[in-house]
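Read the structure below first, then the notes.
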Amino acid sequence: YMASRNDEATEVLPPPGPRKYWTRQEVAHWLLERLSETTPTIVGIDHGFSFPIRYFETHQIVPDWDVFLRDFHQHWPTDGQHVYVDFVRDGSVGNGAQRTGSAKWRRLTEQRCRAKSVFHFDCQGSVAKSTHSGLPWLLFLREKLGSHLHFWPFDGFTVPSGRSAVVEAYPALYKHRFPGTVSMSGDQQDAYAIASWLKHSDVTGELQTAMHPTMDPAMQLMARTEGWILGVA
């Protein structure tokens, strides 16, 4: 779903073809095109952007998001053709066994909003598969667009004027205000809620407040490693 200052959120249909849905690769390339344009844009994506600090400590990864993304991609190459998360989980592809975590580990932002762990697979409402599938595509956009694209809050809590940004979104925070229609699927309602909330909060100024949550310096430092869900206080 996409909205603008003058238009409400509407569905963006997938490219013409036999499939009736978007692949992650198609979404990534579509975003690359849109984010290469001059119009400042904010994109909300519904999966984890990083892992709990316990993961960094356990696997001795320096608390740096770029290092994390590259290391994860080496072990979980889920952006490959016909590579699925379960293929890596069962050892058929990659080396996921060397980069796992406990479902009991949660990021600070997940604790604040009672979201599930990024390692909590095979349960209702899980974001584990979408996170493990989506992280390599964040790296793709990072490498293609570099400093032209601001990943919040890893690049800082303030987005420079005129620059596009990508944020981690959590539909449960916005759906009560933007529930969509009964004809929408659950995924459509989630996407509609994210796009609608981003549009309206930008107009009202709520977005700027959400992008600068009250944190002490230690929390800010942790959020720039673990990430933060936009809208969590």
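What is the stretch 24-226 by shape, rounded, prolate or oblate, if you read a ≥ b ≥ c off the alpha carbon gyration tensor as root eigenvalues and call it rounded for a/c under 1.5, prolate for a/b larger than b/c, and oblate otherwise?
Details: a/c = 1.36, a/b = 1.28, b/c = 1.06.
It is rounded, given that a/c, with a ≥ b ≥ c, falls under 1.5.
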- [ ] Of the DSSP beta bridges with both residues in the chain, give the percent that are antiparallel, rounding to the nearest 5.
- [x] 10
- [ ] For the stretch 43-51, take each phi angle, set θ = phi - 60°, evaluate the Karplus expression 6.51 cos²θ - 1.76 cosθ + 1.60, and give the result in whole Hz per residue in order, putting x for glycine and proline.
- [x] 10, x, 10, 8, 6, x, 9, 7, 10
Open item on the list: Projecting each Cα onto the charge dipole of the stretch 24-226 (Lys/Arg +1, Asp/Glu -1 at the beta carbon, about the Cα centre), which of Val93, Thr209, Leu108 comes out farthest on the positive side?
Closed with: Leu108
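So between Val62 and His75, what do we pick up on full extension, going 0.36 nm a residue minus the alpha carbon distance?
On the way: separation 13, 0.36 × 13 = 4.68 nm, distance 1.62 nm.
Roughly 3.1 nm would be gained on extension.
Let me check I've understood the local charge: for Arg89, count other residues with C-beta under 14 angstrom from its C-beta, Lys and Arg +1, Asp and Glu -1. What total comes out?
Values: positive: Arg99, Lys129; negative: Asp86, Asp90, Asp122.
Spelling it out: positives minus negatives among the neighbours equals -1.
All other residues with a Cβ under 11 Å from the Cβ of His59 taken together, and with Lys, Arg as +1 and Asp, Glu as -1, what is their net charge?
Details: positive: Arg54, Arg99; negative: Glu57, Asp71.
Net charge around His59: 0.
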Task: Pairwise FRET efficiency - Arg34 versus Asp90, Cβ, R0 = 35 Å, nearest 0.05 - done: 0.50
Task: Net charge contributed by nearby residues that have their C-beta within less than 9 Å of Ala115 (K/R +1, D/E -1) - done: +4
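Tell me, what is the percent relative contact order of the chain, built from C-alpha pairs under 8 Å that lie six or more residues apart? Don't skip to the answer; put the middle values down first.
On the way: 325 pairs, mean separation 63.4, N = 233.
That works out to 27 percent.
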- [ ] Please give the contour-minus-distance gain from Asp7 to Glu206: 0.36 nm per residue of separation, less the Cα-Cα distance, rounded to one decimal in nm.
- [x] 69.8 nm
TODO: Taking amide H positions as placed in the peptide plane 1.01 Å from N, state which residues far from Val12 in sequence (5 or more) or on other chains have amide H under 5 Å from it.
DONE: Met2
TODO: Let me know the shape class of the stretch 125-177, please: from the alpha-carbon gyration tensor, a ≥ b ≥ c as square roots of the eigenvalues, rounded when a/c is under 1.5, otherwise prolate if a/b is greater than b/c, or oblate.
DONE: oblate
Task: Amide H within-cut-off set for Ala165, under 5 Å, with H built and near neighbours excluded - done: Thr41, Ile42, Val43, His150
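By the gyration tensor of its Cα atoms, with a ≥ b ≥ c the square roots of the eigenvalues, what is the shape of the stretch 72-184: rounded for a/c under 1.5, prolate for a/b over b/c, or oblate? Show your work: numbers first, answer last.
Working: a/c = 1.67, a/b = 1.16, b/c = 1.43.
Cα axes put the stretch 72-184 in the oblate bin.
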TODO: Within the stretch 154-176, find all residues whose amide N lies under 19 Å from a label point positioned 7 Å from the Cα of Met215 along Cα-to-beta-carbon.
DONE: 154-161, 165-171, 173
- [ ] Please work out the Cα center distance from the stretch 122-169 to the stretch 6-21, rounded to the nearest Å.
- [x] 21
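Can you give the calculated 222 nm mean residue ellipticity of the chain, where each DSSP H run of n ≥ 4 adds -39,500 (n - 2.57) and the sum is split over every residue, rounded to the nearest 500 deg cm²/dmol? Walk me through the intermediate numbers first.
On the way: 9 runs with 92 residues, N = 233.
Rounded to the nearest 500, the figure is -11500 deg cm²/dmol.
Bear in mind these aren't lab numbers, they're just calculated from the coordinates by the rules spelled out. Everything numeric in this text was worked out from a predicted model, so none of it was measured. In this analysis, Cβ positions are derived from the backbone assuming ideal geometry, glycine residues included, and neighbour counts consider all displayed protein chains.
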